[in-house]
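Visitor: Could you have a look at this structure, given as structure tokens, before my questions?
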Amino acid sequence: MFDLLRRYRRQILISGFILAALLFYSANLRRGGASTLFERAVLQVTAPMQSALDVVWKGAADTWTHYLWLIDAGYENDRLLAENRVLTSELMQVREVRLANERLRKLLDFKAEVDLITLPAQVISEDASSWFRTVVIDKGSDDGVLEGMPVVVAEGVVGRTIRVAADQSRVLLITDASSAVASLIQKNRTRGICRGLGANLTLDFALRLEDIAVGDLIVTSGTGGVFPKGLTIGHVDEVSPVEYGLFQPVSVKPTVDFSRLEEVLVLLRESP
Amino acid sequence: MRIFCYALFGLVGLLIQTAVFPRIFPFYLKPDLILILIVYLGVSEKCGPGGLFSFGLGLLNDVFAGSAFGMYGMIFLLVFFGVRSTISYFNAENPFLLLFLVLCGTLFQSGLLVLLGTFAEAGALWQIVLHHLPGQLLMNGVSAAVLMIIATYLQKRFFRLVVPGLQRLDERYDD
């Protein structure tokens with residue numbers, strides 16, 4: 001028997017190890033995935049060493065790649081700078097497109113509200129002098145624009161066309177001194193004429209006894225023959241009460257920001 | 001060639017005034033390059049061709065400014081003749097002559113605008129003119145000075161280059 005064991009000692013030992021491992025494995029499978037004490041202990045002991053080794057290795061690698069092996073750094077830097085410039089430029093373009101989109105969306109909403117045929121146009125230049133308030137738009141008689149047509153934006157009235165060429169038109173802004181718009185105060189229907197004063201407007205012929213307050217909305221009355229009724233002109237900015245006379249002086253601030261006029265709508269009388 | 005250069009300067013000046021200056025200068029104020037050209041014409045050109053050219057430039061300006069066609073034609077013609085009739089009283093050697101005349105021309109133009117504006121139902125144009133006049137004087141004065149510096153520098157730097165019309169400043173007494 002002992003001779004047999006001695007003779008097959010090696011094979012028996014190997015088989016015993018394999019069987020033990022199998023049993024150990026089988027027993028662990030039954031216990032589920034929980035960590036054994038052995039595992040925890042080993043991990044606990046080896047973790048600081050692993051960390052230290054990792055720091056050292058990373059430090060060495062970092063030193064090598066950032067301070068010693070710099071053959072590609074210059075090219076990489078140039079490439080990233082160029083990429084940064086391109087991305088910055090694209091970002092600016094996207095911002096501009098977003099702003100244009102917002103403006104056009106407002107204009108489209110307004111177009112849906114207005115029960116008239118409208119023609120979108122771009123403002124391409126302004127008046128040559130400092131004294132008058134006109135702008136040039138990129139739509140003309142070829143697009144159906146005629147002289148005297150109202151021009152508006154979502155915020156309110158812009159002006160009316162005074163000169164029309166084939167592809168361009170000049171628009172007299174309501175803030176020009178020669179502009180006059182038949183208007184009324186929305187709250188109490190007080191009538192008047194809004195005249196341009198360069199930056200602001202003045203409401204002429206507003207009766208002295210009418211109740212007009214700062215902030216009142218001024219809209220077109222529709223009686224002037226140019227602008228349809230109900231378009232926003234501005235808000236009352238200042239009222240100067242007077243003791244005598246027929247009318248009271250009223251200053252009006254236009255709702256349209258004329259210094260930032262880019263896209264406008266021409267209200268056509270008939271289809272182009 | 002001289003007339004062509006004047007016309008080119010006028011056209012380019014108008015395009016700059018309508019398309020470039022509004023993006024640069026705030027509060028609707030912008031230098032009046034055409035007025036500076038008209039004053040220069042008054043200093044250097046004879047009555048006949050100068051007057052005709054000033055009127056033409058005024059009409060061109062009317063296409064881009066205001067709502068009453070012909071107003072600037074009239075104004076620029078009067079400014080030209082105003083400069084032409086007073087130029088012999090001034091010292092032609094003074095380098096500030098053109099600057100002074102541009103300032104006087106700006107004041108004269110403003111007065112004419114208010115006067116002629118009453119015929120064109122221009123409303124409260126006088127209020128706008130009065131409000132912007134100091135700024136306009138400053139703008140025109142600085143612009144005239146800058147243009148003169150550039151023109152004289154070009155003539156000195158490129159001595160073979162003759163800016164058409166500019167050399168006539170000293171020849172007007174030959175008439």
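Derivation of every value follows stated rules applied to the coordinates shown; laboratory data play no part. Model, not experiment: these values are computed from the prediction. Neighbour counts are summed over all protein chains in view; Cβ atoms, including those assigned to glycine, are modelled from backbone coordinates with ideal geometry.
Visitor: Is the shape of the stretch B:1-155 rounded, prolate or oblate, going by the alpha carbon gyration tensor and its root eigenvalues a ≥ b ≥ c, with a/c under 1.5 for rounded and a/b larger than b/c for prolate?
Guide: rounded
Visitor: Here's something else I'd like to know. What angle do you read, to the nearest 10 degrees and between 0 and 90, between the alpha-carbon axis of helix A:37-63 and the longest principal axis of chain A?
Guide: With rounding to tens, the tilt is 60 degrees.
Visitor: Another question, if that's okay. Calculate one ³J(HN,Hα) per residue across the stretch A:252-258 by plugging θ = phi - 60° into the Karplus curve 6.51 cos²θ - 1.76 cosθ + 1.60, and present them in order as whole Hz with x for glycine and proline.
Guide: Karplus values, whole Hz, x for Gly and Pro: 10, 9, x, 6, 7, 8, 6.
Visitor: Please say if the protein assembly as shown is rounded, prolate or oblate, where rounded means a/c under 1.5 for a ≥ b ≥ c the square roots of the C-alpha gyration tensor eigenvalues, and otherwise the choice is prolate for a/b larger than b/c and oblate otherwise?
Guide: Note, shape of the protein assembly as shown comes out prolate.
Visitor: Can I ask one more? Among the listed pairs A:Lys111/B:Lys30; A:Lys111/A:Lys229; A:Lys229/A:Lys253; A:Lys111/A:Lys139, give every one whose C-alpha distance is greater than 25 Å.
Guide: Over 25 Å apart, Cα to Cα: A:Lys111/B:Lys30.
Visitor: In degrees, nearest 10, range 0 to 90: what is the angle between the Cα axis of helix B:47-64 and the longest Cα principal axis of chain B?
Guide: Taking Cα atoms only, the helix is inclined about 40 degrees.
Visitor: Still on this structure, please answer the following. Could you tell me how many degrees, from 0 to 90 and to the nearest 10, lie between the Cα long axis of helix A:9-31 and the main elongation axis, the longest principal axis, of the Cα atoms of chain A?
Guide: 30
Visitor: With each pseudo-label sitting 7 Å past Cα toward Cβ, what's the B:Leu107-A:Asn84 distance in nm, one decimal?
Guide: 5.6
Visitor: Also, I was wondering about something else. What is the sum of charges, Lys and Arg at +1 and Asp and Glu at -1, for the other residues whose Cβ falls under 12 Å from the Cβ of A:Glu238?
Guide: Within the 12 Å Cβ shell, the charges total -1.
Visitor: If a paramagnetic tag sat 7 Å from the Cα of A:Glu147 along the Cα-Cβ line, which residues of the stretch B:50-92 would have the backbone N under 11 Å from that point?
Guide: B:68-69
Visitor: A further question follows. Given points 7 Å out from each Cα along the Cα-Cβ axis, report the A:Leu108 to A:Leu19 separation in nanometres with one decimal.
Guide: Taking the simple label geometry, A:Leu108 and A:Leu19 are separated by 8.2 nm.
Visitor: Between B:Met1 and A:Phe247, how many nm apart are label points set 7 Å from Cα along the C-beta direction?
Guide: The answer from the label model is 5.9 nm.
Visitor: On to the next question. Expected output is a single nm value to one decimal: the length gained when fully extending between A:Lys187 and A:Thr65, i.e. 0.36 nm times separation in residues minus the C-alpha distance. What is it?
Guide: Full-extension gain reported as 36.4 nm.
Visitor: Within chain A, what's the longest run with no trypsin sites (Lys or Arg not before Pro) in a DSSP loop and at most 16 other beta-carbon atoms within 10 Å? Give the range, please.
Guide: A:1-186
Visitor: Does anything in the stretch A:167-198 have its amide N under 16 Å from the 7 Å Cα→Cβ label point of A:Ala213, and if so which residues?
Guide: Under cut-off, by backbone N: A:185-190.
Visitor: How would the stretch A:173-232 be classified by its alpha-carbon gyration tensor: rounded, prolate or oblate, with rounded meaning a/c under 1.5 and the a/b versus b/c comparison settling the rest?
Guide: oblate
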